[in-house]
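Quick notes on the structure that follows.
A short reminder: the numbers here are calculations on the coordinates, not readings from a lab. Predicted model only: the values in this text are computed from it and were never measured.
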Amino acid sequence: MKIGMRKPSLKKSFKARTTGKMKRKGKKAINPLYGKKGMGWINDPKKAAYNKVYHKTTFGVNDIMRTASSGTSSSKKSKKVAYSSSNKKNIKEDLKLLDKEYNVNTKILSKYHWDAIISFIFIFSNVLPFILIGFVLAIHTLVKMSKREYRTASRWHYALKLYLLGEKDRSRKYIYRLPEEEKVKEEYKRFINLLDGISIEVEEKITDIDEISPPSVDDYYAEKVIIKNEKIKYSDKVYDEFIVVDTETTGLDCSVDKIIEISALKYKDGKLIQSFEKLINPEIPIPEFITNINNITNDMVKDSETIDKVMPEFLSFLGDSPLVAHNAKFDIRYINANLVPLNKKIENEVIDTLTLSRYLYKDIENHKLPTIKKYLNMDLESHRASTDCMVCAEIYLDYCRAVKENSYPKEAEELEKQAYDVVKDILIRNNMDMSYFKAAKKGVYLDFTALYSFLRIKLNGKKQYVLTNMEEDGIEELGLTYEVPSKSENYKSRVNFESLDTLYKLESYIIKEYKKTLEEVEEFKNNVRKGQDSIYKYLLGIDK
């Protein structure tokens, strides 16, 4: 019997990777728009709000529907083309006009696809005559689909989609692949002129939108998409003064959806000292399912200020204070997306209470704000920005209390507590970051750490000393005495502890070692995959 490690098989993983690539290539060959935003099989109209174009299938030009232009007033008319489900009849009229004017039979696309589906149904039936009919129909459909009429219609279909998505250059390139290239440039000009004419006619027809349609894509859409991928400056530190922020929105995508309520509560020394609360007019209808969640109706926001007027005041309130939010990524990216027109963004340090709650409340069912509110016995209204802020604040204050309690040396003797106070005083006087400063008993030693140990003192027993990595000359210059440490202590020297004044004489050494340790902490956070997890456990004293 062989004992040992089994040699890893790379064949299966290679096969899986290559098979995936081949599948994607195949899908792109059938549909050149596969993988692009706004294209694909989407059946839920609510999901259409997160795409530029809503359509039921990738086949058939008549499935493209026009989304509503921003603004609730019917008197406002935009020059941009607007598409919504309310204009489905107009789309059908437009396609008839295209077919008539341009001699492109777009309907054959869906016709042949239905033929293919019917043939498969016949083939997989258990009745022999139907199976034969299915095979004949399948062969007939394949022959028809290989002809130029079908290929040309497909080209025009994808070119139209690209044009409506704003991809004019790609639309032109697609048209140039059509047969009879000498006519292509002339035909493309007519095609674009026709589309532009249709767009203007449709825009004039829009009077009012009775149903909720997907929000329009504004001029800042691309920048808002980029904002979604930008990194946020997360923090794990304890602050005596901070601001809790929360938003209520019309949806989940910050690049297209709108903020309808924004709230910020400022805390100092654990007490609420100032607040900022605003309802915001999103200039689009609020979906019914959103109203069911946060109880904010269209009537409540119709007379409120728009986001462009609220944001400067909100930024002024925030200043450079650290921000606290639950699932901070959502709120901060939404705020940043709405700051794009002002050419500004949130650069404050951000604390995410969703992460903190997972370390603080281990026995809770889930870490949603309503659940945590119930767990903490807080009698507040759910799913409104200000009340959510209060729950967030309580989570962060719990975290601050836990970190502070865990930083103090437990079971320390009186002299060790005094030494702790002296070292802490030295660091504070030199404006050091105290976020990771802790002291704990380790056997006979008192260990001072910032994730890693930077100072070790022995203050009980016959011998009392400070373990350092200082050279002999440096110790003598400070007027201190020393001796050689034991090999197990792994330090260069023992500086004899005569009184608390010894620590003050070692101030420059303590500051130097502490700075070096903080640099190592930052390197650990940035380069180790689960580094932040280890830091939270260290700060809260959770056993690994």
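Things to note:
- Overall Cα dimensions of segment 418-544 - principal axes, largest extent first, Å: 43, 30, 26
- Cross-link check: pairs Lys231/Lys442; Lys271/Lys525; Lys233/Lys441; Lys487/Lys530; Lys268/Lys404; Lys463/Lys525 evaluated at a Cα-Cα cut-off of 27 Å; pairs beyond the cut-off: Lys231/Lys442; Lys271/Lys525; Lys233/Lys441; Lys487/Lys530; Lys463/Lys525.
- Largest first, the extents of the alpha carbon coordinates of segment 392-491 on the three principal axes equal 53, 29, 23 Å.
- As a ratio to 2.2 N^0.38 Å, the alpha-carbon radius of gyration computed for segment 231-404 takes the value 1.00.
- Segment 441-512 versus segment 403-419: alpha-carbon centroid distance in Å: 18
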